[in-house]
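What follows is a single structure, written as C-alpha cells, with notes after it.
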Amino acid sequence: MKAYITLILLSISTVGFSQSAYEKAILRGKAILADANTTEKFLEASNYFERIANKEQAEWLPKYYHSLSVLRAAMHTQEASEKAALIDKAQTLAEAAHQVEVHAEVLVLEGFTQMMRLTLDPATYGQTLTPVIFGLYGEALAKEPENPRALLMLGQMQYGTAQFFGTGYEEACGSIQKAYDIFEQTEHEEGYLLPTWGQGQAKAALARCSQ
Amino acid sequence: MKPFLILSLCLMLTAAKAQLTLSGTITDKNNEPLIGANIYLQDTYDGATAALDGTFRFETYEQGKQVLVASFMGYETLELELHLTEDQILNLELTEAFNAMEAVTISAGAFEASDKKKVTVLKSLDIATTAGATADITGALNTLPGTQTVGESGRLFVRGGTANETRVFVDGMEAAGYYDARASNMPTRSRFSPFLFKGTFFSTGGYSAEYGQAMSSALILNTLDVAPQSKLELSFMSLGVDAGLTKVAEDKSMYLKACYINLAPYNELISQRVSWDHSPESWDTNFAYKQKLSNGGHVKALMTGSGGHSAFTRPTVTTPSGEEEIDLRNTNLFATTHASLPVGEEDALFVGISGSYNVNDLHYNGVNINTPTVHGHAKARYTAQFGAKTSLNSGVELSYQQFHETVEVDSFDMAKDFAAYVPAAYSELDHYVSERLMVRAGLRYSHHSLLQTQSLSPRLSVAYKLTELAQVSLASGVFRQAPEWTYLKHSQKLEEEQATHYILNFQRAEGQQIFRSEVYLKSYDQLITFEDVSNPHSIKNSGKGYAYGLDLFWRDRGGIENLDYWVSYSWMKSERKYLDFEDWASPGFASAHNLSAVIKRFFPAIRSQMGITYSFTSGRPYENPNLDGFMESKTPAYHDLSFNIAYLPTPNVILYASATNLLGADQVFSYQYGPQRDELGRYPEEAVRLPAKRFIFIGCFITLGAAENQLEKI
C-alpha cells in the first residue's frame, strides 16, 4: 500500500516537474488570451507573451501568441489608424516567428494578419493582397493538410471572394465544414501548447453558410 | 512518510526564496497614464500590464541585480537597473518615440503614388484606373495640379517647363527612352507599363539634390518587389495581345512579357484624319528579376525592348507639296540593374547602372533622318543614419550620352554627332529638429564634358507641422540642365540652362481626405536663344523666363461609400524670351488654367468600377502671322470627358472598356501656317488636332494563378 502511494505521489510530482516553467507560462497566457474580451485584456495577453518571447528568443510559439494577441486587440479596436498600427505590429511579430520556424500555424497567422489589413481598405489592397493571402493558406495546407485553422481561414477568404463575385458559396462552405469537423473530432490533452483557437469562429461561419 | 518529507522539503526550499512585490505607476511626460504598458523584469516571465489608472503591480522571486523593462507602443522602451532586496514602488515615465511615419514630411512639389505611406495623393493602382489616362503613367500624372495638358504631345509639361525639362528615373537610374517615338503632333505614351511599378514619385519642383539635369521635374518610378505568387497573365485587346509570366521561387521572382500591338484594324473602323500607309505597329518585351538578400538588401533588374513602325500621309499647308509623308521606325532597348545593401544597423548602400539605346529612322517628304542615341548612367549612393532624426544621403554618378544624326537629302549626306560625359556628386542632409519640424539641405556638383562647365546647385526644403493634420512646407533650389541636342549638335560653346524654384505648400490630410495648395515662383535663366538655328554663332544662352502660379488639389476616398474622386486646378502665368522669340511671350505649351476632375465609383452589385475624367485647359497661345504682334492669338479652350469601365466577372478576369472625348469636343491644340502668302495675301492656316476625334479601347485581362495549378501545365 505504502509503495503504491509513493508511486502515485511520485508520478504526480513528475507530471508536475515535467511541465517546465516555459510550458506553464504559455498555458497561462493561452488562458488569458482565451478569456480576453476587451482591448485592454488583449493588451494584457500581448504583454504577457511579449515577456515570454523576450526570454525565449529561440522559440517561435511565444512570438506567435504575441502576434495573435496584438491581432485580436486590433480586431477589437475601432479607431482606424490605431487599428492599422496594431495590424502592422502583429505582422512584424508574425514575421519574427516566421524567421524562427516556418510552421503551418505561423503561415496561417500571417494570412490572418493580411486579411485584417485587406478589410481596412479593400479597394487599395484587394488586388495585391488577395493572391498573397491565398498563397499563405495554400502553403500552410501543403505543410498540414488537416490544419483546421488553415481550412477555416481559407474558407473565410473564399467566402469573401464568393460574396464579392456573387458566385456560389459551395467551395467556401466546404472548407469551413471540413474545418468544423476537424475541430469537433480533435481533443487536446491538458497542457497542449500549440494553438487551439478557431472552433467558435468555425461554428459561426458554418451558421452563415447554412443561411 | 518519505514522499511527504520530500514534498515539504521542496515547499520549504521555495519558501526560502522570498517573494518581492514591484508596484508603481507609469505615465507619459504629461502625467497621463499609459494604459496597457508592459512592465517586466528582463529575462523573466515576471511582469504586469498597467491598469486604467496607470498603476501596475507584480510579484517576483528574482533577487539581486535585475533589469526592469517598461515598453509601450509609440514610446521609447525604458530599461532600469534594479537591485532587488525588498518590495519596491516605482514611478516610471516614458518619452514618446520619434516616429518618422507620424513626423512632418516635405510635401512641397512632391506627389507620391504609393500604398505604403500614410498620406498619399495617389495609390499605385490609380495610375492604371484613371479614365482618360488609357493606362499610361503620364496620362494619370496629367490629372495632377502643376501639369499643363499638351494633348498633341502626350508628354509631361510641368509649371511652364517644356517636356524636355522632366527627367525620368527607374529605381533611381536614368530611363532616357521613357517616351515612345512618335511623329510630330502624334501624342506619345510611356514605354513602361504602369504594372511594372509599386510606386511613383512625381515632383513638380524643388526636388532632392540626388536628381540633376532636369530644370522642372523629376519622375521616379519604383519597380515592384519580389512577386508573391507565380502567375500567367493574358491580355486580349482591341489593339493587340499581351502575355506575361511571373515565376516565383524562395525570395526571388522573374517576370517575362511580350506584347504585340497593331492599330490597322482599329484605324479601319474608326475614321481617321490622316491616311495611314502603315498603321502603328509595335512590339514590346520586358524581363524583370528581383531577389531579396538574406542580409535584408535586394537586387533588381529590368530590361525592356521595343520597336515600332508607322507611316502616314496628311495634308498640310506647311509644305510646298501640300502634304506630309511620314514614315517612322523605332527600336529601343533599355536595361537597368541595382543592388541595395544594408550596411551595419541602419546605413544603406545603393549601386546601380542603366543603359539605353534608341534609334529612330524617319522619312519625311523624301528626307531620311537616322538618329541613333546611347545613354548610360552609373550611380552609387550611401545613406548614413545618425540616430532616428538625422540622415545623410550622398552619392556620385556618371551620365553618358552619345548622339548621332545622319540627314540624307537626294543622296546628299550630312552627319552630326557628339558624346558627352556628365559626372556629378551630391550630398543631402535630412534632419528632424522635432517631430514637427524638418529641414533638408543639399548640394549638387556637376560637370559637363562637352560644354566644359562646372556648377554647384544648392537645394533647401523645410517642413513644419501646424497641427496633427496640417502642415506647411517650403522648397527651393537651383536646377540645371544642358541644352537639348537640337542645339548642342550645332554649337557646343554653350552654358547649362537653369531654373530657380521657390515653392510654398500647405497640406491637410484627414483619414482618406487630402487637400493641398501650393504657390510657386520659378525663374529661368541662360535659356537658349538664336537668330538662325543653323548658324552656330547665333546660338547663345541669353534667354530668360518665369512662371508663377497656384495649384490646388482635393481628394476624398470613401467619404461617400464606394466613391473616390479628386479635383486638381492650376493657375499659371508664364512668359519667356528665348529661342527666336521677338519679345517676351507665353510659349505655346503654356496654358493659364488647367482643371481635372477624376471620379471613380465602384458598384458592388455589378462588380464594376466606372470612372469619369473631365479635363479643361484654357486657350494656348500661338503665333498668327496674319495678325500684328507676336504670339498674340489663343486657341479655343480644350475640353475632354473620358470614361472607363472595368467589370470583374470572376476573380481572375477583367473586362475593360474606355473612351476619350465622349462629348466629341473639337480639340484644337494649335494652328500652323504656310510659309508663303496665298492670292489673298494671307498665310494659309490649319489646326493641329489628334489623328482621330476619340480613342476607344476594349480589353480582356486574364490572370491564371498558381492556385489554379495552371502553371504546372506550361
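FYI, it's all coordinate maths here, none of it is from the lab. Because the structure is a prediction, the values reported are computed rather than measured. Heads up, the Cβs are rebuilt from the backbone with ideal geometry, glycines too, and the neighbour counts pull from every protein chain shown.
Results, tabulated for the structure shown:
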quantity: Difference of contour (0.36 nm per residue) and Cα-Cα distance, residue B:260 to residue B:439; calculated: 59.6 nm
quantity: All aspartates and glutamates inside 12 Å of residue B:123 as judged from Cα atoms, apart from same-chain residues fewer than 8 positions distant; calculated: A:121, B:112, B:115, B:564
quantity: Karplus 3J(HN,Hα) series, Hz, for segment B:302-316 with 6.51 cos²θ - 1.76 cosθ + 1.60 (x for Gly, Pro); calculated: 9, 10, 10, x, 8, x, x, 9, 8, 8, 8, 10, 9, x, 8
quantity: Karplus-derived HN-Hα couplings along segment B:272-280 (A = 6.51, B = -1.76, C = 1.60, θ = phi - 60°), whole Hz, x at Gly and Pro; calculated: 10, 8, 10, 9, 7, 8, 8, 4, x
quantity: Paramagnetic reach from residue B:630 (point 7 Å along Cα→Cβ, amide N under 13 Å) across segment B:514-542; calculated: B:529-532
quantity: Convex hull volume per residue in cubic angstrom - Cα atoms of the protein assembly as shown; calculated: 180 Å³
quantity: Kirkwood-based Rg to Rh ratio, chain B, C-alpha trace; calculated: 1.06
quantity: Pair residue B:369, residue A:139: separation of 7 Å Cα→Cβ label points (nm); calculated: 5.3 nm
quantity: For B:375, B:404, order by how many other beta-carbon atoms lie within 10 Å, fewest first; calculated: B:404, B:375
quantity: Fewest-first ranking of B:630, B:192, A:134, using other Cβ atoms within 10 Å as the exposure measure; calculated: B:630, A:134, B:192
quantity: Cross-link table B:540/B:693; A:89/B:252; A:89/B:29, entries beyond 29 Å C-alpha to C-alpha; calculated: B:540/B:693
quantity: CD proxy at 222 nm, helix term only [per DSSP H run n ≥ 4: -39500 (n - 2.57); per residue of chain B; nearest 500]; calculated: -1000 deg cm²/dmol
quantity: Sorted by Cβ density within 10 Å, fewest first, the residues B:290, B:29; calculated: B:29, B:290
quantity: Zone residues, segment B:420-445, relative to residue B:384, backbone N less than 16 Å from point 7 Å out along Cα-to-Cβ; calculated: B:426-431, B:441-443
quantity: Amide proton proximity set for residue B:46, modelled H, under 5 Å, gap of 5+; calculated: B:41
quantity: Tail weight of P(r) past 17 Å, computed on alpha-carbon pairs of segment B:342-398, percent; calculated: 60 percent
quantity: Members of A:55/A:143; A:63/A:83; A:30/A:203; B:290/B:600 lying beyond 31 Å, as alpha-carbon distances in this model show; calculated: B:290/B:600
quantity: Normalised contact order of chain B, rounded percent, pairs of Cα under 8 Å and 6 or more residues apart; calculated: 10 percent
quantity: Long-range HN-HN contacts of residue B:214 with modeled amide H, under 5 Å; calculated: B:480
quantity: Gained length - residue B:97 relative to residue B:419, 0.36 nm times residue gap less alpha-carbon distance; calculated: 110.8 nm
quantity: Long-range tail of P(r) for segment B:18-93 (Cα pairs > 18 Å, %); calculated: 31 percent
quantity: Calculated FRET efficiency for the pair residue B:508/residue B:697, C-beta based, R₀ 41 Å, to 0.05; calculated: 0.65
quantity: Radius of gyration and Dmax over the Cα atoms of segment B:300-413, both given in Å; calculated: 22.5, 70
quantity: Nearest 10 degrees, 0 to 90: helix B:2-16 Cα axis against chain B principal axis; calculated: 60 degrees
quantity: Among A:152, B:197, B:412 - extreme Cα towards positive end, dipole of the protein assembly as shown, charges at beta-carbon; calculated: A:152
quantity: Mean residue ellipticity (222 nm) of chain A, computed from DSSP H runs ≥ 4 via -39,500 (n - 2.57), nearest 500; calculated: -27000 deg cm²/dmol
quantity: Förster-model FRET efficiency, 22 Å R0, residue B:683 and residue B:580, C-beta, rounded to 0.05; calculated: 0.80
